[in-house]
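Novice: One structure follows; several queries about it will come next.
The values are calculated or read from the model by the stated rules, or taken from the named source; none is laboratory data. Just so it is clear, the structure is predicted and the values come from calculations on it, not from any experiment. Every residue, glycine as well, gets a Cβ built from its backbone with ideal geometry; the counts of neighbours run over all protein chains shown.
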Amino acid sequence: MKRVLITEDDALIAGIYRDSFDREGFSAEVATDGAIAIQRLKENPPDIVLLDLMMPNVNGIDVLKYIRAQDALKELPVVVMTNAFAGALGREASLAGATKMFAKNSCGPKRLVKEVRDIFAAAIAAANEVSPSDTAMRVRDFRRDVTGSMPQRIEKLRSLLDALVGEKTPNRERLLEIHRAVHQLASIVSLAGLSVVAQLACALEMMIKELHAKPEKVNPSIRRTAREAVEMLGWLASPAGQKLEEGISSPLILVVDDDPVSREITCTALEQARLRALSVGDPYVALSLARDNRFDLVLTDIQMPEMNGLELADQIHRTVINARTPMIFVTSLSDFEWQVRSAPDQGMDFIAKPILLVELGVKALTALIKAAGRPRPERCS
């Protein structure tokens, strides 16, 4: 019987993985952090490791480096589970010697078992045969349990964010607590196959992770973005929000900024969030494009020569096919709170310079999800 070591700090998720492997004829055990995983590897090495990269104490990268540094473990297969938005962390894991890597929001227990079977290159008889109908029923029950637990998870995040807002100097311990709560949420909804919730939760997880490392970056813009994302996650768990479960279909974002460096940074941030962007430097070109093509979101700098971002938004909203397209305006941090209070339209939002790349991804996803439930004109070809 092949032995699987599952490294996962969330007890519920670890239990689901363990039970899935046990049912399929494996012997699975759990390590709840990297230090415990290394101890298990020393005492009784498994046949394969299922490794979460973001864990307390010793993270997954350090565990992977430890494995590859030991002569007896160099060939040990390691399957890495990571956040879809953890680009740099994923690349580091690949360089450190991961056997295979999967994004949590696209790889459930059934696929993991299959991948482990493929790595062993042998069919392992299932300990207990499970019919497709039983499997489908378990998935439905699990999703129901996850969505049922969402209000409590969201309320906890609201409380943590409220406390953060009240702090003049961000508390690293509080940021760590927020990160753990978001990490657990991202993991559980990914496991349940709730694609839109997982996409936003994973993006938020990466933003909070960066803020924990650099708490001085917390500002009013960041706080607003985090709170909006948490409220959107709460809405996605509602009956209306669950209708978006199949995902946001290939959204297209128009980026307008006369500064080419800023445009490049913005597009990079959107690409990291798996979002398509078309960027232009001339607001008149942007307006011409908006008259003939429907965009799902427009992200524009406010301060531009000839036509500023607010004037451009007004003109775009006068077009037929982009009359309700949401807008995100890039403004200075000193003007941010005033701009938010003065905004006349609920479809308008703001983000402050200097832009934190992961914040922009969260902000854009939140705006896209908010708009996704509204009827829109067909996109022109």
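Novice: Considering only residues of segment 14-48 that are assigned to a helix (DSSP H, G or I) and surrounded by 22 or more Cβ atoms within 10 Å (Cβ to Cβ), which is nearest to the chain's Cα centre (by Cα)?
Specialist: Y17
Novice: Within segment 127-139, which residues are in a helix (DSSP H, G or I) and either at pLDDT 85 or above or surrounded by 10 or more Cβ atoms within 10 Å (Cβ to Cβ) (or both)?
Specialist: The answer is D134, T135, A136, M137, R138, V139.
Novice: Sticking with this one: Just one of (1) out of contact with any Pro (no Cβ under 7 Å at 6 or more places or on another chain); (2) within 24 Å of E231 (Cα to Cα) trips up G309, so point out which.
Specialist: Status for G309: all satisfied but (2).
Novice: Looking at segment 262-289, which of the residues that are part of a helix (DSSP H, G or I) and of a type in the set (D, E) is nearest to T300 (Cα to Cα)?
Specialist: Going through the qualifying residues, I end up with E264.
Novice: If we keep just the residues of segment 235-261 that are in contact with a Gly (Cβ under 8 Å, 6 or more places away or on another chain), outside any loop (DSSP other than H, G, I, E, B) and surrounded by fewer than 20 Cβ atoms within 10 Å (Cβ to Cβ), which is modelled with the highest pLDDT?
Specialist: P260
Novice: Within segment 49-82, can you find the residues that are assigned to a loop (DSSP other than H, G, I, E, B), crowded, with 16+ Cβ neighbours inside 10 Å and touching an Asp or Glu at 6+ places or on another chain (Cβ under 6 Å)?
Specialist: The one that is assigned to a loop (DSSP other than H, G, I, E, B), crowded, with 16+ Cβ neighbours inside 10 Å and touching an Asp or Glu at 6+ places or on another chain (Cβ under 6 Å): M55.
Novice: Right, T268: polar (S, T, N, Q), crowded, with 16+ Cβ neighbours inside 10 Å and under 24 Å from T225 (Cα atoms) or not?
Specialist: When the stated conditions are applied, T268 does not pass them.
Novice: Out of segment 346-365, which residues are over 22 Å from N293 (Cα atoms) and either assigned to a helix (DSSP H, G or I) or at pLDDT below 80 (or both)?
Specialist: Answer for segment 346-365, where residues must be over 22 Å from N293 (Cα atoms) and either assigned to a helix (DSSP H, G or I) or at pLDDT below 80 (or both): Q346, L357, V358, E359, L360, G361, V362, K363.
Novice: Follow-up. Might you let me know whether segment 333-344 holds any residue that is outside any helix (DSSP H, G or I), touching a helix residue (DSSP H, G or I) at 6+ places or on another chain (Cβ under 9 Å) and surrounded by fewer than 16 Cβ atoms within 10 Å (Cβ to Cβ)?
Specialist: No; the residues of segment 333-344 include none that is outside any helix (DSSP H, G or I), touching a helix residue (DSSP H, G or I) at 6+ places or on another chain (Cβ under 9 Å) and surrounded by fewer than 16 Cβ atoms within 10 Å (Cβ to Cβ).
Novice: Something else about it: Which of the following residues is at pLDDT 85 or above, under 22 Å from the mean Cα position of the chain (by Cα) and assigned by TED's automatic domain parsing to the domain that holds P220: R153, R144? Outline the logic, then answer.
Specialist: Numbers: R144 fails: at pLDDT 85 or above.
From the options R153, R144, the qualifying one is R153.
Novice: Could you grab the pairs with beta carbons closer than 9 Å, sequence gap of 6+ or different chains, first residue in segment 283-301 and free of Cβ contacts under 8 Å to residues at least 60 places away in the same chain, second one outside any helix (DSSP H, G or I) and aromatic (F, W, Y)?
Specialist: Going by the 9 Å Cβ cut-off, the qualifying pairs are L289/F295; T300/F329; D301/F329.
Rundown of residues vs (1) among the charged types (D, E, K, R); (2) assigned by TED's automatic domain parsing to the domain that holds A103; (3) in contact with a helix residue (DSSP H, G or I) (Cβ under 6 Å, 6 or more places away or on another chain); (4) within 19 Å of T99 (Cα to Cα), yes/no style:
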residue	(1), (2), (3), (4)
E8	yes, yes, yes, yes
I13	no, yes, yes, no
T32	no, yes, no, no
A35	no, yes, no, no
E43	yes, yes, no, no
D47	yes, yes, no, yes
G60	no, yes, no, yes
K65	yes, yes, yes, yes
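Novice: For segment 159-190, what are the residues that are touching a helix residue (DSSP H, G or I) at 6+ places or on another chain (Cβ under 9 Å), farther than 24 Å from K104 by Cα and not small (G, A, S)?
Specialist: Answer for segment 159-190, where residues must be touching a helix residue (DSSP H, G or I) at 6+ places or on another chain (Cβ under 9 Å), farther than 24 Å from K104 by Cα and not small (G, A, S): L160, L161, D162, L164, V165, E167, T169, P170, N171, R172, R174.
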